[in-house]
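The values are calculated or read from the model by the stated rules, or taken from the named source; none is laboratory data. For clarity, every value in this text was computed on a predicted model and none was experimentally measured. Neighbour counts are summed over all protein chains in view; Cβ atoms, including those assigned to glycine, are modelled from backbone coordinates with ideal geometry. The area values use the complete protein model at the heavy-atom level, side chains included, leaving out ligands, DNA and RNA. Shrake-Rupley method; radii C 1.70, N 1.55, O 1.52, S 1.80 Å.
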Amino acid sequence: MISLLSHLMNGLSLGSVYAIIALGYTMVYGIAKMLNFAHGDVIMIGAYISFCAIHYWNLPPALALVAAMAVCTVLGIVIERLAYKPLRQATSLAVLITAIGMSYLLQNSALLIWGSNTKSFPDMINVPAISLLGGELIIKGEAIVTILACVVIMIALTLFTSRTKMGKAMRGVSEDKGAAELMGINVNLTISVTFAIGSALAAIAGVLLCTAYPALTPTTGSMPGIKAFTAAVFGGIGSIPGAMVGGILLGVIEILGKAYISMELGDAFVFAVLIIVLLVKPTGLLGKKIHEKV
Amino acid sequence: MNKKLRSNLITYGIVILAFIVCQVAISGSIDGFKMTRSLKGQLIPICVYIVMAVSLNLTVGISGELSLGHAGFMSVGAFSGIIMSSWLVSAFQMENELVRLLLAMIAGGVFAGIAGVLIGIPVLRLRGDYLAIVTLAFGEIIRNVLNTLYFSVDGKALHIGFNNPNLTGKIVYNGPAGAVGVDKIATFEMGFVLILFTLFVVLNLINSRSGRAIMAIRDSRIAAESVGLNVTKYKMMAFVTSAVLAGMAGALYGLNYSTVTAAKFKFDTSILVLVFVVLGGIGNIRGSIIAAALLTLLPELLRSFSTYRMLVYAIVLILVMLATNSPMMKSVLSSITGKIKALLSGRKAKSGKAGDAA
């Protein structure tokens with residue numbers, strides 16, 4: 001029972017990281033209708049920046065996080081402007097390949113700048129662990145911070161998209177780009193803001209991910225990126241609460257699968273659940289059903 | 001001779017010509033025209049990737065379904081091919097490498113085809129990006145499951161162990177360590193034959209009644225359904241054919257190395273093949289062949305850039321995509337080619353006049 005609870009907590013904390021990454025995927029997909037494969041690598045860049053900030057520039061953890069967010073935000077906007085904006089009218093496959101090229105570019109740039117050896121990520125979160133049930137269940141400080149961060153981000157994003165003018169513009173652009181433009185919405189600015197938010201979230205996710213799993217290499221971001229993308233599809237791509245639910249469920253399934261079924265088959269289990277969900281509900285858990293017209 | 005037939009013959013011609021040039025370069029009979037060792041090592045992978053790209057193009061270009069798990073079929077083919085080859089040796093003491101290679105490739109194709117049917121049934125019910133993510137998921141599941149399996153051959157018996165490396169006989173496939181001690185029986189000539197076979201299958205399928213049905217479903221599923229086409233049947237036909245060809249290519253690939261692990265067939269490999277297809281032109285078979293050959297060679301040719309080569313590769317990839325797909329770049333390119341054409345035709349006209357005068 002106790003071990004189940006502690007596995008659940010680990011799953012929740014890993015799932016929260018997936019959820020934060022998935023939010024970036026889902027927002028970009030909702031608005032630009034593209035799979036941004038480079039998103040996972042933005043996470044990695046964010047983690048490297050905060051690593052440098054602490055290790056070489058001796059900044060306090062909070063400032064290191066801000067630095068990582070700032071760099072990733074700029075990076076996200078630059079990537080969108082240089083690589084994706086010229087391809088707005090192109091087929092989705094062309095954009096996908098460009099995003100894959102961008103992902104290779106980021107990974108190899110990181111390889112050249114920081115080298116291929118694994119960097120051990122410093123412990124950035126100094127929150128004491130909580131022990132419950134008479135000291136039998138210990139919840140790590142990082143886990144608490146990660147879950148809290150995920151909840152706060154989720155609430156903030158929901159408020160942002162439903163209450164602010166920019167959020168309204170985002171919803172408009174995601175529904176119909178042409179009509180939004182006719183209503184006087186600056187589509188380019190809206191897409192840039194979406195990429196900026198997604199990339200800033202990626203930086204946070206990078207720091208949280210590397211605090212939990214402190215081995216940092218240029219390919220750190222790719223597998224969590226793919227899993228978070230799966231989480232976004234799982235929850236219904238384009239939907240913000242969907243990304244959150246999908247991410248957390250995926251994390252819990254992965255940890256429980258690894259703990260109780262098979263260590264090697266943990267990832268296979270995650271993908272199998274995804275396939276079953278998509279077969280029963282082809283648009284994901286919270287996705288909107290789009291009717292096809294002739 | 002109609003246009004399609006001519007275009008297909010040109011495709012076959014290019015492949016045969018390239019093969020002859022390679023053979024001449026290998027033999028080194030012309031002075032100063034000899035293939036380097038590292039280039040020679042790339043020949044079989046190039047053949048394999050050409051077959052992978054052409055077969056993926058059948059799914060992505062002709063049938064219009066984005067598949068991100070093509071390497072999964074390749075791995076099924078590779079390992080069933082390797083096991084088949086070892087089993088033939090242990091069961092029948094078969095030493096003839098050509099026959100073993102052929103039977104291994106057939107086994108690879110059959111098992112990849114079975115995987116294709118099993119995966120196709122659920123996958124083809126979905127559409128668009130959801131289909132893409134499920135193919136990705138299946139590719140990863142195949143890789144994860146392969147990491148827990150163990151195979152050994154003992155006389156005519158084939159033992160399979162799940163999470164259990166203690167099998168009797170000679171271990172052929174050793175879980176996460178992959179296939180070890182593989183006989184390297186793959187040959188460039190067989191690669192060439194496989195390319196021709198793939199082209200024969202794919203080009204004939206495209207130009208058949210079924211091929212037209214597949215393309216009609218791609219263009220408008222609803223319209224195709226309304227004229228009575230069986231959507232699932234034709235989609236499965238394209239998907240499974242593509243899986244079988246990928247499995248055969250996988251068997252050839254697996255038998256080209258002495259150790260092969262499941263990690264070789266990661267998501268990255270699927271993406272690599274997809275890049276060949278997209279850069280060569282979606283639905284364009286000849287383009288896939290050329291793109292696969294050039295892009296497999298490119299990292300080799302970029303050796304002199306050493307540490308920067310993957311970076312250069314990424315930049316080339318992005319620039320090519322921007323140049324061929326962005327409307328701005330397209331108009332710039334077309335105006336340049338238009339000017340060149342005008343210049344050339346102007347010259348032709350002038351030379352024609354000069355000829356008349358003479």
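Can you find, within segment A:240-278, the residue that is least open to solvent (accessible area, probe 1.4 Å) among those that are outside any helix (DSSP H, G or I) and of a type in the set (A, V, I, L, M)? Out of the qualifying residues, it is A:Leu265.
Taken across segment B:148-160, residues that are modelled with pLDDT of 85 or more, closer than 26 Å to B:Leu252 by Cβ and either touching a Cys at 6+ places or on another chain (Cβ under 8 Å) or assigned to a helix (DSSP H, G or I) (or both) do not occur at all.
Taking the criterion of being part of a loop (DSSP other than H, G, I, E, B) and touching a Gly at 6+ places or on another chain (Cβ under 9 Å), the residues of segment A:108-136 that qualify are A:Ile125, A:Asn126, A:Val127, A:Pro128, A:Ala129. When A:Phe269, A:Phe229 are checked against the criterion of being more than 17 Å from A:Tyr25 (Cβ to Cβ) and either within 9 Å of another protein chain (Cβ to nearest Cβ) or touching a Pro at 6+ places or on another chain (Cβ under 7 Å) (or both), A:Phe269 stands alone in meeting it. Among residues of segment B:321-338 that are more than 12 Å from chain A (Cβ to nearest Cβ), those with a Cβ under 7 angstrom from a residue that is open to solvent by less than 70 Å² (accessible area, probe 1.4 Å) and in a helix (DSSP H, G or I), sequence gap 6+ or separate chain, pair up as B:Leu333/B:Ala323.
Note on segment A:137-176: among residues that are outside any helix (DSSP H, G or I) and more than 30 Å from A:Thr211 (Cα to Cα), the one that is modelled with the highest pLDDT is A:Thr164. Give me a count of the residues in segment B:227-250 that are open to solvent by less than 50 Å² (accessible area, probe 1.4 Å) and farther than 22 Å from B:Val60 by Cβ. The number of residues fulfilling the criteria is 0. Restricted to segment B:28-42, and to residues there that are farther than 16 Å from B:Leu294 by Cβ and at pLDDT 80 or above, the residue that is least open to solvent (accessible area, probe 1.4 Å) is B:Gly41. Condition test on A:Ser131, is it of a type in the set (Ser, Thr, Tyr) and open to solvent by 40 Å² or more (accessible area, probe 1.4 Å)? Judged against the criteria, A:Ser131 is a match. Restricted to segment B:316-335, and to residues there that are out of contact with any Gly (no Cβ under 9 Å at 6 or more places or on another chain) and at pLDDT 80 or above, the residue that is surrounded by the most Cβ atoms within 10 Å (Cβ to Cβ) is B:Leu322.
Looking at (1) in contact with a Phe, Trp or Tyr (Cβ under 7 Å, 6 or more places away or on another chain); (2) more than 25 Å from B:Leu98 (Cβ to Cβ); (3) among the small types (Gly, Ala, Ser), find the lone condition where B:Ala157 falls short. Condition (1) is where B:Ala157 drops out.
Each residue in segment A:94-125 was checked for being open to solvent by 20 Å² or more (accessible area, probe 1.4 Å), of a type in the set (A, V, I, L, M) and within 10 Å of chain B (Cβ to nearest Cβ), and 3 of them qualify.
Would segment A:57-78 turn up any residue that is part of a loop (DSSP other than H, G, I, E, B) and either touching an Asp or Glu at 6+ places or on another chain (Cβ under 7 Å) or aromatic (Phe, Trp, Tyr) (or both)?
Taking segment A:57-78 and keeping what is part of a loop (DSSP other than H, G, I, E, B), we get A:57-60.
Checking the rest, the ones that are also either touching an Asp or Glu at 6+ places or on another chain (Cβ under 7 Å) or aromatic (Phe, Trp, Tyr) (or both) come to A:57.
Among the residues of segment A:57-78, at least one is part of a loop (DSSP other than H, G, I, E, B) and either touching an Asp or Glu at 6+ places or on another chain (Cβ under 7 Å) or aromatic (Phe, Trp, Tyr) (or both), which makes the answer yes.
In the set B:Thr241, B:Thr296, B:Thr307, only one residue is within 18 Å of B:Ile119 (Cβ to Cβ), in a helix (DSSP H, G or I) and β-branched (Val, Ile, Thr); that residue is B:Thr241. Of all residues in segment B:264-286, those satisfying the criterion of being in a helix (DSSP H, G or I) and either of a type in the set (Gly, Ala, Ser) or in contact with a Ser or Thr (Cβ under 7 Å, 6 or more places away or on another chain) (or both) are B:Phe265, B:Ser270, B:Phe276, B:Val277, B:Gly280, B:Ile285, B:Arg286.
Only residues that are open to solvent by less than 10 Å² (accessible area, probe 1.4 Å) and modelled with pLDDT of 90 or more were counted across segment B:108-122, and they come to 5. When you scan segment A:207-222, do you find a residue that is open to solvent by less than 60 Å² (accessible area, probe 1.4 Å), closer than 29 Å to B:Leu118 by Cα and touching a Lys or Arg at 6+ places or on another chain (Cβ under 7 Å), even just one? No, segment A:207-222 contains no residue that is open to solvent by less than 60 Å² (accessible area, probe 1.4 Å), closer than 29 Å to B:Leu118 by Cα and touching a Lys or Arg at 6+ places or on another chain (Cβ under 7 Å). So if I check each of B:Leu136, B:Leu126, which one is in a loop (DSSP other than H, G, I, E, B) and at pLDDT below 90? It is B:Leu126. With respect to (1) more than 8 Å from chain A (Cβ to nearest Cβ); (2) open to solvent by 20 Å² or more (accessible area, probe 1.4 Å); (3) in a helix (DSSP H, G or I), the lone exception for B:Tyr257 is condition (3). Filtering segment B:118-130 to residues that are touching a helix residue (DSSP H, G or I) at 6+ places or on another chain (Cβ under 6 Å) and either more than 9 Å from chain A (Cβ to nearest Cβ) or touching a residue at least 40 places away in the same chain (Cβ under 8 Å) (or both) leaves B:Ile119, B:Gly120, B:Val123, B:Leu124.
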